[in-house]
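For reference, the structure is listed below as structure tokens.
Any read-out appearing in this document is the output of simple, stated calculations on the displayed coordinates, not a laboratory observation. Values in this document were obtained by computation on a predicted structure and should not be read as measured data. Every residue, glycine among them, receives a Cβ derived from its backbone with ideal geometry; neighbour counts consider all protein chains shown.
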Amino acid sequence: MRSFLRSIALGCAGLIASTSLLAAGAPDPGARVRELLSRMTLEEKVGQMTQVTIDVVSKGPDGRTEPHQLDMAKLEKVLLEHHVGSILNVGVQAYALDHWHSVIGTIQDVATKRTRLKIPVLYGIDAIHGVTYTLGSTLFPQSINMAATFNTDLSRRSGEITALEMRASGIPWNFYPVMDIGRQPLWPRLWETYGEDVHLGAEMGKAYIQGHQGSDISAPTKGATCLKHYVGYGHPFSGKDRTVAWISERMMREYFLPGFEEAVRAGSPSVMVNSAEVDGIPGHANYHLLTEVLKGEMKFKGFVVSDWEDIKRLYTRDRVASSPKDAVRMAVMAGIDMSMVPFDVSFATLLLECVREGSVPVSRIDDAVSRILTVKVQLGLFENAYPDLSLKPQFATPASAAVNLRAAEESIVMTKNNGTLPLRKNARVLVTGPTAAMLSVLNGGWTITWQGDDEKLYPKDKPTVLDAVRAKIGAGNVVYVPGTTFDQQIDVAAAVEAAHGVDAIILCLGEKAYCETPGNIDDMTLDRAQSDLAGALARTGKPIILVMIEGRPRLIRTIVDDARSVLVAFRPGMEGGRAIANILFGDAIPSGKLPVTYPKFPNALMTYDHKPLDIGDMNRYDPQWPFGYGLSYTSFTTTNLRVDNQTLRRSGKITVSVDVKNTGTVAGAEVVQLYVNDNFGSVSRPVRQLKGFRKVTMQPGEQKTVTFTVEATDLSFIGLENTRIVEPGTFTAMVGGLSVPFTLE
Ligand code: BGC
């Protein structure tokens, strides 16, 4: 079970003073890096710390002319004159595999043959749910869905397949996974997280990194991950993207840091910084979190990259720096090793000035460059920086699509079923609603384009929900009426009319594709046009199966009341249409569980692991559906929850076991979830916290015993002194509706 708790011996951060910037977990760069560093000029060093977007080296006035072409003159200037060490992104939209080969090959030709020291470029990409920017790649469910599978093996497999397809594109570095947890449901990047829970997020992220990196990131089918966005970005007070968070030291250490700690331990060699601010300190200026905590306490040996343009914003937006140069000084001295500038090379020029003026010591530059070069060495780029063409046959195989389909099926959560599901395959259905006939809504942002909302760019061979339902039961049994767009009625009357002639209505509602700030909302309530469509259909009396396709929970309480069955599908990816149809018609048995609390009211936003104070006589945890909730077509009972020893010694362990039985008539998978409550603590303790989960597949009538091991460190928390402590006392272990007490000595 838990391991990160065990080894976090975080000191009282406020009191830790690192003796020097370099001492803070600085890596041993190895002889090769040391030798290289000794030969580098200062200009070459600051160049290594500079990252530009591909637009800067591409043809056209803004570098975004389509079809994309590299501009040799610009490329030579950036690499030969400015010594830039890293490039990222695509121009407008995803490239074909062959185009990537030519882009990466050309860049590496200049870098490894024509620069003085022949240092390869580190190319990075947002391969968030698969290789976003390579046409035809395997595009998995988004993170919120992967978390809903509660299946770490699927997370590992998606990491493996993504790394392979990224390397097949010639790219070795992935800006993923998001280890910041998502505890603010309004936030437009909630779907990029593994949800609200510390343990679930850490386990899913760790498995992904293991799959993506293996034990050697230089292996032909492995690559480097980048943890983001460090840290606390996922908890904006306003719910809007890139806005202020207020996270105390205790809350930071209790909820937001453990996932990063676990992922650093899993070997991720890079970290991207929070674009926003926490407690008045912009992420990019936070020496305490970047240098003292990450590089010091966590002993992170990799390098820290800024987010997009965010060093400049210390001056232009946050006004904590008094000039662009001051911003560069501040960020580098806070612990940032590479600047995603990304539209120019000003960072390098300004940093050079800072060093010459003495506001940034050369030792800090050497530390940053060593960290970056070490990762280039670890990736094997000095041996071979070129795309491996032999991987092409392994790109987007049917076997990878099969893993993807399974992940999508396991990620869909059935939250209500009054016997309507599964539908019979000879049923006549009306398919309606704005998310029924689009692939973009199934995938969301970071799909082919940044926003993922350009429907015409999507592959023609992947089915929408409508296509998949037609394929399942025959087009003759399916009537399709759009009903509404996301926020405007189109033909509600036609939908109502069509409803009279069918056995059931598949009502597909939700959100369009979006990413980052463009996804901000002022109201969690689902758009009026959509609820009006639902209301009009409800009045026909025909059974409604509601399918929510969305990046975050949108409030739907009256629609839920009117619906017989509900699937919360979030963003299930390129196989999402098939997966939804398979569940609707019983070819897949739902097993997803909510990785976030699904709220019922706009002003009752509470996570499952709330404090006793949050509830009581007047207040309740009364969401639409709680964290961890999800139904199946079979039923499970859990009995006989027991501990092998009532007393847990400080250095010992106990086991908690429970018997789980499939009492239904079909095979299915249940997620057995172990929660623990610390009955009394010197700091108020959550009513329950997930400490372990296991997904078990069982045949009808089959029974299995699931056993979790609990150690004292699993019960640790951030105490009065803001350090992680273990306190003796009484605890309650809970699985399903059962509970059993035990004592920590
Ligand atoms: C996002 C990051 C992303 C970066 C590079 C930023 O806008 O916040 O998540 O990795 O762009 O594309």
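For the reader, a short list of remarks on this structure follows.
- Simple spin-label estimate for S215 and I725 gives 4.0 nm between the two label positions (7 Å along the Cα-to-Cβ direction from each Cα).
- Distance in nm between pseudo-label sites at S323 and D98 (7 Å out along the Cβ direction from Cα): 5.1 nm
- At an R0 of 56 angstrom, the distance between the Cβ atoms of Q699 and F382 translates into a FRET efficiency of 0.60.
- Each Lys and Arg Cβ is given +1 and each Asp and Glu Cβ -1; about its Cα centre, region 412-609 then shows a dipole of about 720 debye.
- Selection from T53, V403, W187 lying farthest towards where the dipole of the chain points positive, charges on Cβ: V403
- Acute angle (nearest 10 degrees) that the helix 324-334 long axis makes with the longest principal axis of the chain, alpha-carbon atoms: 80 degrees
- C-alpha long axis of helix 198-213 to longest principal axis of the chain, angle in °: 60 degrees
- Estimated FRET transfer efficiency when R0 is 41 angstrom, pair I615-A402 (beta carbons, to 0.05): 0.40
- Placing a pseudo-label 7 Å from each Cα along the Cα-to-Cβ vector at T743 and K74 gives an inter-label distance of 7.1 nm.
- Zero-based 10 Å bins, Cα pair distances in the chain, whole percents: 3, 14, 24, 25, 19, 11, 3, 0
- Working note: Debye formula, equal point scatterers on the alpha-carbon atoms of region 87-220, no solvent; log10 I(q)/I(0) at q = 0.20 Å⁻¹ is -1.12.
- Selection from G211, V304, V121, by position along the positive dipole direction of region 30-393 (Cβ): V121
- From the alpha carbon centroid of region 661-711 to that of region 546-625 is 20 Å.
- Nearest-0.05 FRET efficiency for D503 and V244, computed from C-beta distance (R0 51 Å): 0.50
- Potential extension, A475-I490 segment - 0.36 nm per residue separation minus Cα distance: 3.2 nm
- Shape summary: region 426-556 maps onto an equivalent ellipsoid whose semi-axes, from the alpha-carbon gyration tensor, are 25, 19, 10 Å in decreasing order.
- Once the chain from N679 to T517 is taken as fully extended at 0.36 nm per residue, the excess over their C-alpha distance is 54.2 nm.
- Rounded to 5, percent antiparallel among DSSP beta bridges of region 412-609: 25 percent
- Sequentially through region 512-521, phi angles give Karplus couplings (6.51, -1.76, 1.60; θ = phi - 60°) of 5, 6, 7, 8, 6, 4, x, x, 4, 10 Hz, Gly and Pro residues having no value and appearing as x.
- Separation of alpha-carbon centers, region 491-533 and region 334-413, rounded to whole Å: 40 Å
- Angle in degrees between helix 30-39 and the longest Cα principal axis of the chain, rounded to the nearest 10: 50 degrees
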